[in-house]
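S.K.: Submitted below is the structure of interest, expressed as structure tokens.
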Amino acid sequence: MDEFIKELDANLDYLGHEITAEEVIIYVASNRRSCSCPYCGHASMRTHSRYEKSFHDLPVMGKKTKIIIENRKFFCDNQDCTFTTFAERFDFLKQNGKKTKRLIDKIVDISLNTSSAAASRTLKDGVADVGKSTICSLLKKDMPLPEKQSITKVCIDDFAFRKRKTYGTVMVDIDMHRVVDLPASREVGDVTEWLRSYPNIQIVSRMDLFPIRAPLSRLGWA
Ligand SMILES: [Zn+2]
């Protein structure tokens, strides 16, 4: 287990773990003697306080994994810095992130070759609890958008941005197996207009019909 934790960050020590029906919970601590203030770069060894921080990581023994760290806050002793304290940060986790970067990579990897709904179901079974809209956002953030002219075959699906209150559409390039856009509407008029902005599209499929491909006339646009 220590090795698993050290792969995340060589300065993390494994303290213990517990296994529940749902997940493995791993307790860790950072052994860095000093940390640099993220605002001014000044190194500090003076601890201000500790607080518990938790996030999710790659599965262990086929179960979802939660890591709990007693995170340290340091004083910044640089007189010129606008901040008096700062929390230790880690390269493997975005500030205030709840999933490690390597877990996000895994989610993106699993989601690339399937619909976001199917990916969400697969991931819930032992990898991570992640909804359809989160998967769509992660896929979009993960990759630069391709040239519109290069897109010829797509499949589309709608999804909820916020708990079934706001809907959007996700468009996936069938050849590249990647999300190419996420317009914030699922109205036929808006989607049709949006498809028109891709000049070379020949085939549009519904995600739930994928890989059966429907002609553009299905959307009244061909
Ligand atoms: Zn500072």
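Just so you know, all these numbers are worked out from the coordinates, no wet-lab data involved. These figures come from a predicted structure and were not determined experimentally. Glycine also receives a Cβ, built like all others from the backbone with ideal geometry; neighbour counts cover every protein chain displayed.
S.K.: Would you confirm whether any residue within the range 97-107 is free of Cβ contacts under 8 Å to residues at least 60 places away in the same chain and either within 16 Å of the ligand (Cβ to nearest atom) or in contact with a Ser or Thr (Cβ under 7 Å, 6 or more places away or on another chain) (or both)?
M.R.: Of the range 97-107, the ones free of Cβ contacts under 8 Å to residues at least 60 places away in the same chain are 97-99, 101, 103-107.
With either within 16 Å of the ligand (Cβ to nearest atom) or in contact with a Ser or Thr (Cβ under 7 Å, 6 or more places away or on another chain) (or both) added as a condition, the list becomes none.
The answer is no; no qualifying residue exists.
S.K.: Could I ask something else about it? Does the range 48-87 hold any residues that are more than 27 Å from Lys106 (Cα to Cα) and out of contact with any strand residue (DSSP E or B) (no Cβ under 9 Å at 6 or more places or on another chain), and which are they?
M.R.: Selection gives Gln79, Asp80, Cys81, Thr82, Phe83.
S.K.: Let me ask you something else. Could you grab me the full set of residues in the range 8-62 that are farther than 30 Å from Gln79 by Cα, in contact (Cβ under 8 Å) with a residue 12 or more places away in the chain and not in a strand (DSSP E or B)?
M.R.: Residues satisfying the conditions are Leu8, Asp9, Glu22, Met61, Gly62.
S.K.: Within the bounds of the range 60-73, is there any residue that is surrounded by fewer than 17 Cβ atoms within 10 Å (Cβ to Cβ) and closer than 30 Å to Val172 by Cα?
M.R.: Yes: the range 60-73 contains one or more residues that are surrounded by fewer than 17 Cβ atoms within 10 Å (Cβ to Cβ) and closer than 30 Å to Val172 by Cα.
A quick yes/no check of all residues on (1) under 25 Å from Met171 (Cβ atoms); (2) of a type outside the set (D, E, K, R); (3) surrounded by 18 or more Cβ atoms within 10 Å (Cβ to Cβ):
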| site | (1), (2), (3) |
| --- | --- |
| Gln79 | no, yes, no |
| Gln95 | no, yes, no |
| Thr100 | no, yes, yes |
| Arg121 | yes, no, no |
| Asp125 | no, no, no |
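S.K.: Give all pairs with beta carbons closer than 8 Å in which a residue from the range 66-93 that is under 25 Å from Val130 (Cα atoms) and more than 12 Å from the ligand (Cβ to nearest atom) meets a residue that is of a type in the set (S, T, N, Q) and part of a loop (DSSP other than H, G, I, E, B); count only pairs at least 6 apart in sequence or on separate chains.
M.R.: Going by the 8 Å Cβ cut-off, the qualifying pairs are Ile67/Thr100; Arg89/Gln95; Phe92/Thr100; Leu93/Thr100.
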